[in-house]
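The values are calculated or read from the model by the stated rules, or taken from the named source; none is laboratory data. No experiment lies behind these values; they were computed from the predicted model shown. So basically every Cβ, Gly included, is an ideal-geometry build from the backbone, and we count neighbours across all protein chains shown. Ligands, DNA and RNA are stripped out before the accessible areas are found, and what is left, the full protein with its side chains, is counted by its heavy atoms. Shrake-Rupley method; radii C 1.70, N 1.55, O 1.52, S 1.80 Å.
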Amino acid sequence: MGQSVLLIEDEPNIIEAISFLLERDGWTVRLHTEGQGAVDAVVANDPDVLILDVMLPGGSGFDILRELRQGAARPDLPILMLTARGQTKDRELAEGYGVSSFMTKPFSNSEMLQTVRDLSKGRKPVVSKDAV
Amino acid sequence: MPKIALTGSRIRDRRLALQLKQADLAKSAGVSASYLNLIEHNRRRIGGKLLVQIADVLGVEPSGLSEGADVELVHGLETVASQSPSVEADRVEEFVGRFPGWAAKLTDQNERIDLLERSLRGLNDRLTHDPVLTEKMHDVLGAVAAIRSTSSILVDTPTIDAEWRARFHANIDVESRRLAETSESMAAHFDQLTKDEAGYKTPLEAIAAFFEIRQFHIAELEEGGREAVEGILANAPEFEGAAARSLGRKALSVYAKDAARLPLNEFSISATEHNYDPAAIARAFDVGLPRVFRRLATLPRAPDRPEIGLVICDAAGAILLRKQPLGFSFPRFGAACPLWPLFGAMRSIGAPQRTTLKTVEGAVFKSYSVATLQERVEFDAPLNVKSHMLLVSADPPVDEGRVVGSTCRMCAAEECGARREASILTGRN
């Protein structure tokens with residue numbers, strides 16, 4: 001069985017594009033579309049990599065990130081944060097909470113895919129600062 | 001001083017029109033030809049008896065040679081010079097005299113740069129703090145991300161299944177419509193912001209606008225007292241609504257009380273005599289520094305008066321009043337530069353501090369700061385601290401000074417340990 005990604009994202013067309021790309025690459029993609037219950041979804045799905053949006057209905061990606069890093073369930077889970085909020089302070093906040101990688105929307109498909117692959121292998125992804 | 005800026009050129013023009021030799025005019029006026037040459041090229045100033053003598057030889061009134069010079073041009077270039085310490089400020093008049101076209105262009109461009117920078121600051125503040133724009137920007141980026149990702153898939157996968165192709169085409173269509181709608185509503189929002197530019201979102205903004213429009217000098221309040229306060233409140237459009245009127249009454253009453261205690265004429269003379277040193281003026285009138293700060297900030301602008309700015313904040317650092325001097329930018333929204341002595345003064349309440357500040361652009365100001373406790377009339381009430389910072393342009397400018405900015409996003413300082421976020425001007429963190 002292939003590796004799995006949990007995608008926490010609320011934009012349906014972004015979900016569809018990312019799911020297509022990952023599934024074509026052999027990943028099993030599971031989905032959660034709101035802030036509420038996101039940590040439980042991580043525990044239940046036990047993914048190899050988490051892709052996390054910042055602005056979600058019913059909660060912030062930053063809060064989810066912090067909770068995951070402080071919790072006992074998956075403190076070392078590789079997390080790619082994907083956000084339209086590309087401000088320096090957001091990036092710094094995410095890094096402070098222990099994000100594995102941070103990409104801003106719009107993103108490059110190939111770069112996103114490579115980042116997920118790197119994260120699953122425990123490698124530090126090479127992501128350009130303002131990847132588009 | 002600027003009045004005689006182009007006198008030399010006028011003397012030269014008049015002499016040539018009379019076909020008079022420079023040496024002959026010099027001899028008649030009792031000066032050397034070389035000295036007259038310097039005057040004619042605006043490299044030496046002329047006035048008094050010599051001007052009268054030369055005017056007499058040339059058959060014109062002295063005022064015909066000295067008045068009407070392009071004072072505004074000289075003023076404009078002096079402003080440019082005050083912002084750029086490396087230029088030869090003492091040769092402004094000569095420059096205007098020799099290259100009036102270039103001088104006009106330079107002044108014009110400087111004004112334009114100033115205008116653009118103000119617009120940029122305003123837009124930046126809006127983008128950072130306007131929740132409607134933040135939300136719309138999020139929508140735009142979301143739609144762009146979906147379109148970009150989906151269209152890349154279509155381009156990179158020519159053999160994609162027909163069903164997927166149809167779905168992705170539909171998604172692009174949906175997202176492009178969303179993009180168009182959001183862009184349209186953003187444009188409408190910007191349009192509304194422009195219309196609102198003269199309008200006021202809060203009573204504090206209304207009061208700030210009232211003072212800014214009048215450059216902080218309210219002639220009616222100088223001698224009008226309480227009656228004038230009520231007259232302004234009844235007539236000024238900025239004070240519509242109970243909240244604005246209440247805050248306005250407070251601010252205008254403070255002005256009127258300051259004016260009654262420190263009458264304009266007397267205060268103005270004292271300020272000049274003491275070279276705008278607020279401590280010396282406070283001693284002369286036996287009043288506190290905050291009152292002198294406020295009074296200095298309400299002096300009308302004059303060519304021989306330094307640029308004076310004032311900013312007052314509360315204990316949380318929220319700015320309550322700002323009078324921005326030329327050459328020193330205050331943020332309209334959001335937090336200011338943490339290096340301002342305004343904030344440092346709150347560490348030692350009641351102990352005034354004086355320092356020299358230098359903007360990243362090179363303008364130099366003397367700063368005087370003091371934090372004070374508002375008088376309490378009840379026991380065990382929370383402390384109410386207000387900090388004041390007066391800025392007086394330094395003339396002549398000096399090299400030393402603490403480098404400060406407006407706010408991090410608009411500050412181009414290279415090394416700053418207090419930086420909170422990157423500058424949009426340089427991208428530096």
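Answer yes if at least one residue in the stretch A:38-47 is closer than 19 Å to A:F102 by Cα, surrounded by fewer than 23 Cβ atoms within 10 Å (Cβ to Cβ) and either within 14 Å of another protein chain (Cβ to nearest Cβ) or in contact with a Lys or Arg (Cβ under 6 Å, 6 or more places away or on another chain) (or both), and no otherwise.
no
Quick one: in the stretch A:52-87, of everything that is in contact with a helix residue (DSSP H, G or I) (Cβ under 7 Å, 6 or more places away or on another chain), under 19 Å from A:N13 (Cβ atoms) and in a strand (DSSP E or B), which residue is most open to solvent (accessible area, probe 1.4 Å)?
My answer is A:M55.
Give the residue that is farthest from the other protein chains (Cβ to nearest Cβ), with candidates limited to residues of the stretch A:13-27 that are touching a helix residue (DSSP H, G or I) at 6+ places or on another chain (Cβ under 8 Å) and of a type outside the set (V, I, T).
Ranking the qualifying residues of the stretch A:13-27, first place goes to A:W27.
Take the residues of the stretch A:100-112 that are over 16 Å from A:I8 (Cα atoms) and either assigned to a helix (DSSP H, G or I) or of a type in the set (S, T, Y) (or both): which is farthest from the other protein chains (Cβ to nearest Cβ)?
The selected residue is A:E111.
Please find, within the stretch B:357-367, the residue that is most open to solvent (accessible area, probe 1.4 Å) out of those that are in a strand (DSSP E or B) and of a type outside the set (A, V, I, L, M).
B:K366
For the stretch B:141-154, how many residues meet the condition of being closer than 10 Å to A:K105 by Cα and more than 7 Å from every other protein chain (Cβ to nearest Cβ)?
Counting residues in the stretch B:141-154 that are closer than 10 Å to A:K105 by Cα and more than 7 Å from every other protein chain (Cβ to nearest Cβ) gives 1.
Tally up the residues in the stretch B:311-356 that are in a loop (DSSP other than H, G, I, E, B), among the small types (G, A, S) and surrounded by fewer than 19 Cβ atoms within 10 Å (Cβ to Cβ), please.
Matching residues across the stretch B:311-356 total 9.
Could we say that B:L262 is touching a residue at least 40 places away in the same chain (Cβ under 8 Å) and either over 20 Å from B:T359 (Cβ atoms) or of a type in the set (A, V, I, L, M) (or both) here?
So B:L262 fails the test.
Tally time: how many residues in the stretch A:1-12 are open to solvent by 20 Å² or more (accessible area, probe 1.4 Å), within 14 Å of chain B (Cβ to nearest Cβ) and in contact (Cβ under 8 Å) with a residue 24 or more places away in the chain?
Qualifying residue count, the stretch A:1-12: 1.
To keep it simple, each residue is scored yes or no on (1) open to solvent by 20 Å² or more (accessible area, probe 1.4 Å); (2) out of contact with any helix residue (DSSP H, G or I) (no Cβ under 6 Å at 6 or more places or on another chain); (3) closer than 17 Å to B:F343 by Cα; (4) within 14 Å of chain A (Cβ to nearest Cβ).
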position: B:V370; (1), (2), (3), (4): no, no, yes, no
position: B:L373; (1), (2), (3), (4): yes, yes, yes, no
position: B:F379; (1), (2), (3), (4): yes, yes, no, no
position: B:S387; (1), (2), (3), (4): no, no, yes, no
position: B:C408; (1), (2), (3), (4): no, yes, yes, yes
position: B:A422; (1), (2), (3), (4): no, no, no, yes
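Which of the residues that make up the stretch B:228-283 are outside any helix (DSSP H, G or I) and within 15 Å of B:R294 (Cα to Cα)?
B:L262, B:P263, B:Y276, B:D277
Can you tell me which condition B:L179 does not meet? The list is (1) modelled with pLDDT of 80 or more; (2) open to solvent by 50 Å² or more (accessible area, probe 1.4 Å); (3) more than 10 Å from every other protein chain (Cβ to nearest Cβ), and all the others hold.
(2)
So which residues in the stretch B:239-253 are closer than 16 Å to B:A208 by Cα and open to solvent by 10 Å² or more (accessible area, probe 1.4 Å)?
The answer is B:E240, B:G241, B:A243, B:R245, B:S246, B:L247, B:R249, B:K250, B:A251, B:S253.
Give the number of residues within the stretch B:356-397 that are within 23 Å of B:C408 (Cβ to Cβ) and either touching a His at 6+ places or on another chain (Cβ under 6 Å) or of a type in the set (D, E) (or both).
Within the stretch B:356-397, residues that are within 23 Å of B:C408 (Cβ to Cβ) and either touching a His at 6+ places or on another chain (Cβ under 6 Å) or of a type in the set (D, E) (or both) number 1.
Any residue that is away from chain B (no Cβ under 14 Å), in a helix (DSSP H, G or I) and open to solvent by less than 20 Å² (accessible area, probe 1.4 Å) - is there at least one of those in the stretch A:88-99?
Within the stretch A:88-99, one or more residues are away from chain B (no Cβ under 14 Å), in a helix (DSSP H, G or I) and open to solvent by less than 20 Å² (accessible area, probe 1.4 Å).
For every residue, the table says whether it meets (1) within 23 Å of the chain's Cα centre (by Cα); (2) open to solvent by 60 Å² or more (accessible area, probe 1.4 Å); (3) of a type in the set (F, W, Y).
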{"site": "B:E223", "(1), (2), (3)": "no, yes, no"}
{"site": "B:G231", "(1), (2), (3)": "no, no, no"}
{"site": "B:Y255", "(1), (2), (3)": "yes, no, yes"}
{"site": "B:A279", "(1), (2), (3)": "no, no, no"}
{"site": "B:G288", "(1), (2), (3)": "no, no, no"}
{"site": "B:V292", "(1), (2), (3)": "yes, no, no"}
